[in-house]
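Presented below is the structure to which this report refers.
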Amino acid sequence: MSLVYLLPKTLNLAELIFHETLPRESRVDRHHLERVLDAADCVQVMTVHPGFSGQRFMEDQLSKIQRLRQEIDQRHLKASIVVDGGIDAKTAPLAVKSGATVLVAGSSVYNQSAPVAQNVLTLRNSIAATVAAIGSD
């Protein structure tokens, strides 16, 4: 599914964003990547079945993230890789290590176990070492 967003940068200026979502069941094949990546500002990988929160992260999607990262880097593209679903303090480092640049977290942030700010800090801390290691490469 491809979505195009029109986001106002100022009252008189707008930027066109091309966003490609890869459902969990889709394969990342070369033809699809060539058709989409040159134009995409971001590619969203679903790591759960869309529809309800609290689902478990599907680790089999890590290879899809890795494949996208490899293709984006080889082609010197700027597209972000957005990972959506099941992101928590255990899965966030896996997604970032695989190549994700944006994480979408719901249940791990908005829950009764701690205030939102504390949950966000926990997520940030969980990926700190991974981000540092990537930055030193």
Subtracting the Cα-Cα distance from 0.36 nm times the residue separation, let me have the gained length for VAL120 to VAL102 in nm, one decimal. 5.1 nm
Output needed: percent of Cα pairs per 10 Å distance bin for the stretch 51-137, bins running from 0 to the one holding the longest distance. 17, 48, 28, 7, 0
Along Cα→Cβ, 7 Å out, is where each label goes; now give me the distance between the ones at GLN70 and ILE134 in nm to one decimal. 1.7 nm
For CYS42, the residues 5 or more places away or on another chain with a placed amide H closer than 5 Å to its own amide H are PHE18, GLU20, SER80
HN-Hα J couplings of the stretch 66-73 from phi, Karplus 6.51/-1.76/1.60, θ = phi - 60°, integer Hz, Gly and Pro as x? 4, 5, 4, 4, 4, 5, 5, 5
The answer for SER107, listing residues at least 5 apart or on another chain whose modeled amide H is closer than 5 Å to its amide H, is GLY54
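Every number here is computed from the coordinates shown, using simple stated rules; none is lab data. Owing to the predicted nature of the structure, the values given are computational and were not obtained by experimental measurement. All Cβ positions, even for glycine, are placed from backbone atoms using ideal geometry, and neighbour counts span all protein chains on display.
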